[in-house]
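The values are calculated or read from the model by the stated rules, or taken from the named source; none is laboratory data. Just so we're clear, the structure is a prediction, and the values are computed from it rather than from any experiment. Cβ atoms come from the backbone with ideal geometry, glycine included; neighbour counts cover every protein chain shown. Side chains included, ligands, DNA and RNA excluded: accessible areas come from the protein's heavy atoms. Shrake-Rupley method; radii C 1.70, N 1.55, O 1.52, S 1.80 Å.
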Amino acid sequence: MPNYKILILGASYGSLLASKMMFGGHSVKLVCLPAEADLINSEGFRVRMPIRGRKEQIEIDSRKLPGKVSASGPADINPKDYDLIGLAMQEPQYGSPGVRELLDAVAKSRVPCMSIMNMPPLPYMKRIRNVNSELLGPAYTMPAVWNSFDPGTLTLCSPDPQAVRPPEEKVNILQVTLPTNFKVARFDNEKSNEILRNIEKDIDAVRFDAPEGEIELPVKLRVHDSLFVPLAKWAMLLAGNYRCITQDGMRTAQEAVHANLEESRSIYDFVVDVCVKLGASRDELVPFEKYAAAAESLSRPASAARALNNGAINIERADKLVQLVAQQQGMSHPLLDAIVILVDERIAANRRKAVAA
């Protein structure tokens, strides 16, 4: 297997995928804030995750892995030096100074690029035949940052594993709370697909040296031919993540899903129907029962809710994206419309407070 050079924009969630890749001997460069970069360069990073049937969690220390990691800000990076690029920041961050310019360089490099965002980048939506991507701009913070991409060089990886940075720990610590798999759609280019499949095999082969012997680790990479498999996350976002947002605060994902299970099922099934209308097979999507069972363990509010509570003036708007896509198919749902209105109101209130301050 070849060893690849991989660039990942975003060191928080990006360090989870980086840890898996480094087991295979690949070299990873993380793009992040200066304080994060200094810490990662001096101490590496740690990823903690639960293992089914094992009482104690395991901790992956990047310094002990076969691959190498380094970190820096967005300046002085040449995307052409890499074999694969991952996008692991929140969608609004790609419009920020420095990152915006690097993203444009990534697009123009034509290096295969894998998004690990909840929000599919606009060029990915162009790959879906039944969608008019020109009408989806209002869902994006700064849609123009995606203009230079060739859609065939960009794919989407569903960020199904859940992970957080424990607030009491250093910023180079990541805690996995739901160790499910990354599901990535194919590129249009077979040479790029070969990179994904080689990394998939490397991650499958990973074994961790625990006191009781070598153990297999969760959180795999699964490569799919269908463009719709990563969109399975949409239904989860609308039934859980965005319903963590309340009129005056937030609630946990577990509460959002299970406080009214029939409402949750209704919005979930609607989003699945939207994906099927676009061309997905129901077999490619996740049944509501499986998601609802997983949501039992989601004991924190989703990142979108936490961001709004902390005064964010922009968050990822997958809610608005799904609404716009559904409207193109002649479909609507009152719960989805209510979510979009609520998020619009919360963002507007945060912006007013920011101006007043």
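Scanning region 225-251 for residues that are assigned to a helix (DSSP H, G or I) and touching a strand residue (DSSP E or B) at 6+ places or on another chain (Cβ under 8 Å) yields 229, 230, 231, 232, 233, 244. In region 257-269, of all residues being free of Cβ contacts under 8 Å to residues at least 60 places away in the same chain and assigned to a helix (DSSP H, G or I), the one that is farthest from residue 323 (Cα to Cα) corresponds to 258.
One residue alone among 264, 281 is over 21 Å from residue 176 (Cα atoms) and buried (at least 22 other Cβ atoms within 10 Å of the Cβ), and that residue is 264. Scanning region 174-192 for residues being assigned to a strand (DSSP E or B) and either closer than 22 Å to residue 96 by Cα or in contact with a Ser or Thr (Cβ under 9 Å, 6 or more places away or on another chain) (or both) gives a total of 7. Within region 317-336, the set of residues being open to solvent by 50 Å² or more (accessible area, probe 1.4 Å) and assigned to a helix (DSSP H, G or I) comprises 327, 328, 334.
Residue count for region 166-190 satisfying the condition of being out of contact with any Gly (no Cβ under 9 Å at 6 or more places or on another chain), closer than 27 Å to residue 34 by Cβ and open to solvent by less than 50 Å² (accessible area, probe 1.4 Å): 5. Where helices (runs of 4 or more DSSP H) fall wholly inside region 1-112, the ranges with 3 or more residues that are open to solvent by 30 Å² or more (accessible area, probe 1.4 Å) are 34-43, 99-109. With respect to the conditions (1) part of a loop (DSSP other than H, G, I, E, B); (2) surrounded by 21 or more Cβ atoms within 10 Å (Cβ to Cβ); (3) in contact with an Asp or Glu (Cβ under 8 Å, 6 or more places away or on another chain); (4) not aliphatic (A, V, I, L, M), residue 141 falls short on a single one, namely (2). If you filter region 24-53 down to residues that are under 12 Å from residue 68 (Cβ atoms) and of a type in the set (A, V, I, L, M, F, W, C), you find that the one that is farthest from the chain's Cα centre (by Cα) is 40.
Within region 193-204, is even one residue assigned to a helix (DSSP H, G or I), closer than 30 Å to residue 273 by Cα and either at pLDDT below 95 or among the acidic types (Asp, Glu) (or both)? Checked against the condition, which is being assigned to a helix (DSSP H, G or I), closer than 30 Å to residue 273 by Cα and either at pLDDT below 95 or among the acidic types (Asp, Glu) (or both), region 193-204 yields at least one hit. Taking the conditions (1) farther than 23 Å from residue 143 by Cβ; (2) modelled with pLDDT of 95 or more; (3) in a loop (DSSP other than H, G, I, E, B) in turn, residue 314 satisfies each one other than (1).
Scanning region 113-132 for residues that are more than 20 Å from the chain's Cα centre (by Cα) and modelled with pLDDT of 95 or more, we see that the one that is surrounded by the most Cβ atoms within 10 Å (Cβ to Cβ) is 131. Residues that are more than 16 Å from the chain's Cα centre (by Cα), on the phi < 0 side of the Ramachandran plot and not charged (D, E, K, R) are absent from region 85-92.
Among residues that are touching a strand residue (DSSP E or B) at 6+ places or on another chain (Cβ under 8 Å), under 24 Å from residue 16 (Cα atoms), open to solvent by 20 Å² or more (accessible area, probe 1.4 Å) and in contact (Cβ under 8 Å) with a residue 12 or more places away in the chain, residue 254 is not included. Check region 4-14 and report whether any residue there is among the hydroxyl-bearing types (Ser, Thr, Tyr) and in contact with a Phe, Trp or Tyr (Cβ under 9 Å, 6 or more places away or on another chain). Yes, region 4-14 has at least one match. Number of residues in region 144-165 that are part of a helix (DSSP H, G or I) and either of a type in the set (Val, Ile, Thr) or surrounded by fewer than 19 Cβ atoms within 10 Å (Cβ to Cβ) (or both): the value is 5.
Do we have residue 140 as modelled with pLDDT of 95 or more, within 28 Å of residue 320 (Cα to Cα), of a type in the set (Ser, Thr, Tyr) and in contact with a strand residue (DSSP E or B) (Cβ under 8 Å, 6 or more places away or on another chain) here? No, not satisfied.
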